[in-house]
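Participant: My structure is below; once you've seen it, I'll send some questions.
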Amino acid sequence: MNRGLFITVEGIEGAGKTTNLEFVRSVLQEQGMNVVTTREPGGTPLAEEIREMLLAPREEQVSAKAELLMMFAARAQHLEQKVMPLIKSGVHVLSDRFTDATYAYQGGGRGLSWDLIQRLENIVQEEFRPDLTLLLCVNPEVGIARARKRGALDRFEQEKLEFYIRVQDAYMKRVAESPERFCVINAQEPLEVIQPQIRQALLTKLSN
Ligand code: Z5A
């Protein structure tokens, strides 16, 4: 049996990941692909509990290293209990964020070293990496304005503009490191403009 593909969707807040995830799923299903969607941090009951701990606003300053380790703890659980069994059984998995978000937020945003993240990535994932990553790019000011319309802010959404600029820059560094894996979409345009581009980019990548 052929192994399933692992496809991830990334971007800063307000980029439209949740809005476009269902669209991506529908494009993949049109191609006859059996797809399960999931998200990080989260995706299993234990990983969702870790997510709640990570996102809750709190008075205590959260150590960047503690945050990093919790992201990878949730990821280890998610991979072992959900993602790998699906992929091994031939199902394609579409995830709202994965390890590029760790490089972007804990690396770019919090200032932790690429090398530290890479070491944890190798421990938790071994050789496993996404087959394809859709990166939705939006000017951080636009993204924050969109996200803030949604109401109560989680711990990450309370960060300042400079944080999101660093996160966005770190995502672009990831693209430069493995351009063949990424589809980069200008998500600043209206959905009716970007969704045909997403479809085209996915189909092109999948045919390669
Ligand atoms: N995090 C981390 O630090 N390290 C890690 O390793 C991982 C995650 C895996 C939770 O993730 C947090 O975890 C996240 C990073 C951190 N930080 N935060 N915040 P999340 O993915 O659950 O959180 P999120 O970024 O807030 O995701 P989201 O809910 O999917 O937001 P979104 O990408 O902004 O999507 P949206 O809800 O679809 O769009 C936001 C609004 O914009 C909504 O009203 C849409 O209607 C609107 N929108 C979307 N696209 C458009 C366009 N094209 N035009 C106009 N309006 C639009």
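Every read-out reported here was derived from the displayed coordinates using simple, explicitly stated rules and does not represent laboratory data. Just so it is clear, the structure is predicted and the values come from calculations on it, not from any experiment. Because the Cβ atoms are built from the backbone with ideal geometry, glycine has one as well, and the counts that use them run over all protein chains shown.
Participant: What is the magnitude of the charge dipole of the stretch 121-208 about its Cα centre, with +1 placed on the Cβ of each Lys and Arg, -1 on the Cβ of each Asp and Glu, and no other charges, expressed in debye to the nearest 20? Walk me through the numbers before you get to the answer.
Facilitator: On the way: 13 positive and 14 negative charges, 63 e Å.
Dipole size: approximately 300 debye.
Participant: Just to confirm the filter: which trypsin sites (Lys or Arg not before Pro) across the stretch 34-105 are DSSP coil and have at most 15 other Cβ within 10 angstrom of their Cβ? Each step should come with its number before you reach the end.
Facilitator: Working: sites: R39, R51, R58, K65, R75, K82, K88, R97; in loops: R58, R97.
Taking the stretch 34-105 and a limit of 15 other Cβ atoms within 10 Å, the loop trypsin sites (Lys or Arg not before Pro) found are R58.
Participant: Can you find, among V9, F163, A147, the residue sitting farthest towards the positive end of the charge dipole of the chain, where Lys and Arg contribute +1 and Asp and Glu -1 at Cβ?
Facilitator: Final value for the positive-end residue is V9.
Participant: Show that you can apply the helix-only estimate: for the chain, add -39,500 (n - 2.57) for every DSSP H stretch of four or more residues, divide by all residues, and state [θ] at 222 nm to the nearest 500. Intermediate values should be presented prior to the final figure.
Facilitator: Values: 8 runs with 100 residues, N = 208.
When only DSSP H runs of four or more count, the value is -15000 deg cm²/dmol.
Participant: Here's another thing I want to ask about it. Using Cα pairs closer than 8 Å and at least 6 residues apart in sequence, work out the relative contact order for the stretch 1-77, in percent. Working shown, then result.
Facilitator: Values: 39 pairs, mean separation 18.6, N = 77.
Relative contact order of the stretch 1-77: 24 percent.
Participant: Could I ask something else about it? About its Cα centre, what dipole magnitude does the chain give when the only charges are +1 on Lys and Arg Cβ and -1 on Asp and Glu Cβ, stated in debye to the nearest 20? The partial results should precede the final answer.
Facilitator: Values: 26 positive and 29 negative charges, 38 e Å.
I would put it at about 180 debye.
Participant: What residues have an amide H closer than 5 Å to that of L134, excluding those fewer than 5 places away on the same chain, when H is modeled at 1.01 Å from N in the peptide plane?
Facilitator: Long-range HN contacts for L134: T8, V9, E10, C183.
Participant: Give the residue list of GluC sites (Glu not before Pro) in the stretch 47-88 that are DSSP loop and have at most 12 other beta-carbon atoms within 10 angstrom. Please report the intermediate quantities before stating the final value.
Facilitator: Numbers: sites: E48, E49, E52, E59, E60, E67, E80; in loops: E59, E60.
Here the sparse-neighbourhood loop sites are E59, E60.
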